[in-house]
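For reference, the structure is listed below as structure tokens.
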Amino acid sequence: MKRSVVIGAGLGGLAAALRIARHGQSVTVLEKNDRVGGKLNIWESNGYRFDTGPTLLTMPFILDELFAAVGEKTGDLLDIIPLDPLTRYIWPDGSRLDSHADPSKMQAEIRRINREDAEGFPRFMGHAEKIYEAAAGPFLFTPFMSLGMSGLLKHLGKLRSVTRIDAFRTLDRVVGEYFRDERIRQLFNRFATYNGSSPYRAPGTLAIIPYVEFSMGGWYIRGGMYRLAQVLEALARRHGVAIRTGVEVTRIVSRNGHAAGVVTSEGEELSADSVVCNADTLTARETLLAGELATRGRRSGRPEPSLAGFLLLLGVRKKFPDLSHHNIFFSSDYRKEFDELIRCGKPAENPTLYLSLSCVHDPGHAPPYGTNLFVLVNAPPLGPGFDWTSGGREYREVVLRTMAEFGVDVRPDEIEVERMITPVDFEDHFRAYRGSIYGTASNGKLAAFLRPPNRARELKGLYFVGGSAHPGGGIPLVLLSGKIVAGMVTGVAP
């Protein structure tokens, strides 16, 4: 029987392990932390429960297909509920918009802000749909080997899709073609941050992200998003996958140009016919491969990491009836915000805030009198521009002050539990490259298509899954990476 070792028990690693085991291989998953899930995780304290990673599920049909592949049905395993509204958007001038997957309701909401832009909404969605149809097949649902810029252009030329996917304009330029109101442009530009990029530099291809959300909807998993990790872990164990937590891999073993297993921090060596790496691809190449192999696998130049995140988890003795499950408080100058984050490498002075309150649909996630506030702010990847070790507490005050300006005033005596997570924590806990959340950024005309491939070029039998590899970050794409890699390992076409 062939053997596979999976490094990391994030969603990509668990999905790959489950599919590989289903095809008859022996699979062992090694996770350095004490729980599976990777960035999709939980924190509980004093009656408050928080998801600490993704808070929204899109494209649930990908989850349906994964469960069907192992003889299960989503409805038997998870209670997934559609959200309406999807997100409540609030601007400094007090204007507000609730987004919807129903086109007529979404258009009506935009019309309240700007009548002309409401007419642009169906035209934008039609354009984004064409991009999705051109890009989804070759770039999301199938393996795509990173061939460098020249090879990529040849690939795009063969598909005759280079113009259809709008890769040579920025997302901001595409959005600006259909919307004139700065608030509406800000709303649609925001989706570049779903993979940690800037709308002023990322390709217009990313218009598929708002298209997916506004045409297919968004869902929440009752009990918390971490339920997905728990279900995948249970299914994997049921299908014979050995999952060992608290075991850190320190080296990938290579013999005759082929991945032959791994070595743990305790000196244990596990042999394997293939190694699936669910760790951050950039960090893994620098720390898990021998020097020559690490150098050979690194792209020329220094890769640009995606944005990181600054997170406050606040258990507050207070209710906020004006907030929805998902909320965005926009900054007054979006372009300046991204300039500070990316060019200056420092947190924004006037940040956009994302607030998620899972207690809206899961009252048990907070005491009857309280609210669990998940507050996320885009942050620069670790670098000389800002020291989070000394500056984190100070930036916490910036975030709390911004919340108060939008009417979410939290006094110190109202906070019952609190946890602060900075880019330093993302680097330490998840070995994320410079604390970035999504691996490499998509800041460039074709950068979104130059993500690290799923099959390592430098070592046969080594594969990469997860948000830092193809096809990208977010729950559905991470699960797709697991499907793609399992197909490569087993020889079964995805």
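The values are calculated or read from the model by the stated rules, or taken from the named source; none is laboratory data. Please read these numbers as outputs of a predicted model, since none were measured by experiment. Glycine also receives a Cβ, built like all others from the backbone with ideal geometry; neighbour counts cover every protein chain displayed. Heads up: the accessible areas ignore ligands, DNA and RNA and are worked out on the full protein's heavy atoms, side chains in. Shrake-Rupley method; radii C 1.70, N 1.55, O 1.52, S 1.80 Å.
Any chance the stretch 317-333 includes a residue that's β-branched (Val, Ile, Thr) and either touching a Phe, Trp or Tyr at 6+ places or on another chain (Cβ under 8 Å) or part of a loop (DSSP other than H, G, I, E, B) (or both)? It would help to see each step written out before you state the result.
Of the residues in the stretch 317-333, the ones β-branched (Val, Ile, Thr) are 328.
Subsequent filtering for residues that are either touching a Phe, Trp or Tyr at 6+ places or on another chain (Cβ under 8 Å) or part of a loop (DSSP other than H, G, I, E, B) (or both) retains 328.
Yes.
When the residues of the stretch 440-494 are filtered to those that are over 18 Å from Val212 (Cβ atoms), among the small types (Gly, Ala, Ser) and at pLDDT 95 or above, the one that is surrounded by the fewest Cβ atoms within 10 Å (Cβ to Cβ) is Gly487.
May I ask you to list the residues in the stretch 12-32 that are open to solvent by 10 Å² or more (accessible area, probe 1.4 Å) and either part of a helix (DSSP H, G or I) or within 14 Å of Val262 (Cβ to Cβ) (or both)?
Initial filter on the stretch 12-32 (open to solvent by 10 Å² or more (accessible area, probe 1.4 Å)): 19, 21-26, 28, 31-32.
Listed by number, the residues that qualify are Arg19, Ala21, Arg22, Thr28, Glu31, Lys32.
Taken across the stretch 318-331, residues that are free of Cβ contacts under 8 Å to residues at least 12 places away in the same chain, over 19 Å from Ile415 (Cα atoms) and of a type outside the set (Phe, Trp, Tyr) do not occur at all.
Checking the structure you have, find out if any residue of the stretch 277-299 is modelled with pLDDT of 95 or more, loosely packed, with under 15 Cβ neighbours inside 10 Å and either over 20 Å from the mean Cα position of the chain (by Cα) or over 19 Å from Tyr438 (Cα atoms) (or both). Looking through the stretch 277-299, none of the residues is modelled with pLDDT of 95 or more, loosely packed, with under 15 Cβ neighbours inside 10 Å and either over 20 Å from the mean Cα position of the chain (by Cα) or over 19 Å from Tyr438 (Cα atoms) (or both). When you check Arg238 against the structure, is it farther than 17 Å from Gly38 by Cβ, exposed (fewer than 14 other Cβ atoms within 10 Å of the Cβ), basic (Lys, Arg) and without any contact (Cβ under 8 Å) to a residue 40 or more places away in the chain, yes or no? So Arg238 fits the description; yes. Per the listing Asp172, Asp181, the residue uniquely touching a helix residue (DSSP H, G or I) at 6+ places or on another chain (Cβ under 7 Å), among the acidic types (Asp, Glu) and in contact (Cβ under 8 Å) with a residue 60 or more places away in the chain is Asp181.
Every listed requirement among (1) touching a strand residue (DSSP E or B) at 6+ places or on another chain (Cβ under 7 Å); (2) in contact (Cβ under 8 Å) with a residue 24 or more places away in the chain is met by Asn189 save one, (1). Here the stretch 241-264 is the region considered, the condition is being within 28 Å of the chain's Cα centre (by Cα) and free of Cβ contacts under 8 Å to residues at least 40 places away in the same chain, and the residue that is most open to solvent (accessible area, probe 1.4 Å) is Arg251.
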